[in-house]
Each structure stands twice: as C-alpha cells, then as structure tokens.
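Contents: one structure, followed by commentary.
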C-alpha cells in the first residue's frame, strides 16, 4: 500500500467518526495553540523591545553616569563611585574623533506645561544640544528641530511631542505658538512625528529645549547623558573604545581601574532582556509543551479504542490480502494525519487569539514562521509516535480471530 493510499484511508476513517476525531484532537489543538500563543507573545515582546527600547539610533550608543543597573546595591555603589558627566566631557569626545561621527548631550527632568487654561503635569522635559536630531530616533514631523543659534543664545524655543500638540492645539497649526514650561514662556518651532506607546505608556508627551536654556533655568549641576554615533556599523566598538579612552584620560584612571561611567548599547539592552526573560521563556514553553504530550496520550488511547471497534474491518482487509505492514501504515497514517490536522487548527486558533490580544490589550505579538513549522512537525511526530503501539496491535491481529469479532 502506498503512502497516499494510507492517507486516503486515514481521512476516510476520520470523516466516518467525526465526533470521536474531534474529541481526540482537543488535546493536540490545546497543546499547539498554547505553545504558539506563548511563543508569539515572546517573539512579539522581543521585537517590541528591539524596535521601541533597544533602538538607540543609527549606529549609536549612550554614555551616561550609571550605565545599566540591575539591582539597588549596584545603583548605590555606582552613584557613589561614578562621576557626573558634563559638557566638557562631551566636547572632549568630539575634539579628536576618528570612529565617532557625532555626539550630542541631553539633560532631563519633569515639568508642568500649560497653554491658556489647559495644563499637563509631569511632562518629560529634555534639554539637548542642537545636533541631537542627527542621532536620536525622534524625527521631525512639522517645522524644525532646535537650532544652533537657539542653543548658542539660550533662547526660549521648544520642540514638542505629538501628544502635546494634540492636547493644546487640536486642529490648529502649533508652529510659532506659545506654551509655558514651569511658568516660563516658550515658542514652538517644531513638532515630532508620532511615536506611539511602549507597553501602553505614551511616548509622545515630551518637550525639548536647548540644553543651554535648560541649564540657565534649572542649573548645570547634575550629570548629562550623551548619545554618540559611530561612523558606521563596523566601527561601533571602536567608537566605544574611543569614548572610553577620552573619558578615562580626563578622569586620570589607571589601567586596572574600572570605568566610573556607563556605556549602554543596543546589544547590552538585548542581553539584559535575555537574562531576565530567557529562562522564563524556556520554562514557559516547556510547561505548555506538556499539553502536547497529554494530547499524544489521548490519541494513543483513542486509537486503541478504534482498533478494538474495527477489529472485524481489520480481519476483512487481511482476508482480502492486506499485509500486516499495510494495516500498520494505515493506522500510523491515521494517527499522524489526525495529529497534524489538530496542529493546524491549533496554529489558526493561536493566530486568532494573538490578533485579538493585540487589538484589545495592545499586546505585542509576532507569529514566527519557524516556530509554526516546528509546532506542526512536532504535532505530526507526536501522532506518529503515539500511534505506533495501536498500529502495531492492529497489524498483529489474527485475521480469523478478527472475523469472529462482533
């Protein structure tokens, strides 16, 4: 008997016992759907972090006082040991660049923003150098960014996020209009493109002013953060080394002294994500995969029932010349096809649930093709594996005894 013939007989048997086949499939459907939903959420989260959090700009990295801090003790130690970064440090980095294309500085705090009678509290306020626009991921949607002259002369100009315009100037051109930041008047020169949200938190509520204006109002004490861009993707590590050499020289650190500043890269953020969620992801996928094993056991039990119910049919087929291998192939094809069909239904259900979760709760999801293929392959393999014993039992039936069965 050919493989295709075995599949045809298997599908005929499945259609003949629809309810039993459906009940048999429940375990596999639930198992595959659960695994795919979990993997979809994990993959979506990883891509979300890459796009929304780990993206620091084109070939860019961040230099700040603390670096990536993963514990309270580490934060306490670094806050005591690490020195503040100042504008002089930024100028030193830009003084003799070889692998550095550009470097910009930023300071940040929370401020109250007001226009007429509408007030927004605790809005992110950033004081930046004018060249931040060439490095940052924030793009100009309307008007322009903060200019060199505005930085040079500490002017009261601001570049605002999309949400600020939405709240203060709905349906009105905001350029040239005035808002008040902590009671001080600022003129809007540009509006950023809409960014969206990160895990439901809006990222468009910000105001950017020249860093010199920021320091005149709030003081120059405190550490700045720097966004540094390398000349290309292949010089990113050399640019980091160049920054490290410049800052260590300014701070008179010995060869064996650790850095007393932090360098944050996209790779470092992704490694932190893997450390935090990698083990959780593996355990979660492992636990949900147990449902596939349970589904395989259900298939084996139902196939054993099927063998018992179809004993006479097996006897008739053997008496007409079917070999034991033909019976074996038929039942293996039936269990494999049954499990594969359940896997397909499970993938479709998981895809629908993922889309529903994205629509209702803004959950980041992504259905990876590789995992879909793996899930279908595993489901078919489970049907094949757990169908071996029922198929072997059916193949070993004596045709004469089988014909006598009721």
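Read-outs: derived from the displayed coordinates by stated rules, not from any lab. What you see is a predicted model, and the numbers here were worked out from it, not measured in a lab. FYI the Cβ positions are ideal-geometry reconstructions off the backbone, even for glycines, and counts take in every protein chain you see.
Just a few scattered comments:
- Footprinting exposure proxy ranking of 225, 339, 156, 71, fewest other C-beta atoms within 10 angstrom first, gives 71, 156, 225, 339.
- The convex hull defined by the C-alpha atoms of the stretch 73-114 has an orientation-averaged projected area of 5.5 nm².
- Relative contact order (%) - criterion: Cα under 8 Å, at least six apart; region: the stretch 60-264: 35 percent
- Rg ratio (alpha-carbon, reference 2.2 N^0.38 Å) - the stretch 60-264: 1.09
- Each of residue 83 and residue 175 was given a label point 7 Å from its Cα along the Cα-to-Cβ line. The distance between the two points is 4.4 nm.
- Folded to 0 to 90 degrees: helix 324-361 orientation relative to the chain principal axis, Cα: 30 degrees
- Nearest 10 degrees, 0 to 90: helix 236-250 Cα axis against the chain principal axis: 40 degrees
- Across the stretch 162-239, C-alpha contacts under 8 Å between residues 6 or more apart give a mean separation that, scaled by the residue count, equals a relative contact order of 23 percent.
- Listed by Cβ neighbour count within 10 Å, with the fewest neighbours leading, 353, 328 appear as 353, 328.
- Shape of the stretch 71-186, Cα gyration tensor, a/c cut at 1.5: oblate
- Once the Cα atoms are used to define both axes, helix 72-81 deviates from the longest principal axis of the chain by about 30 degrees.
- Relative contact order [Cα under 8 Å, 6+ residues apart], the chain, whole percent: 30 percent
- The label-point distance for residue 389 and residue 244, in a model that sets each label 7 Å from Cα toward Cβ, rounds to 5.8 nm.
- Residue 16/residue 252 FRET efficiency (R0 60 Å; Cβ-Cβ; nearest 0.05): 0.10
- For the chain, the spread of Cα coordinates along the three principal axes comes to 103, 58, 36 Å, biggest extent given first.
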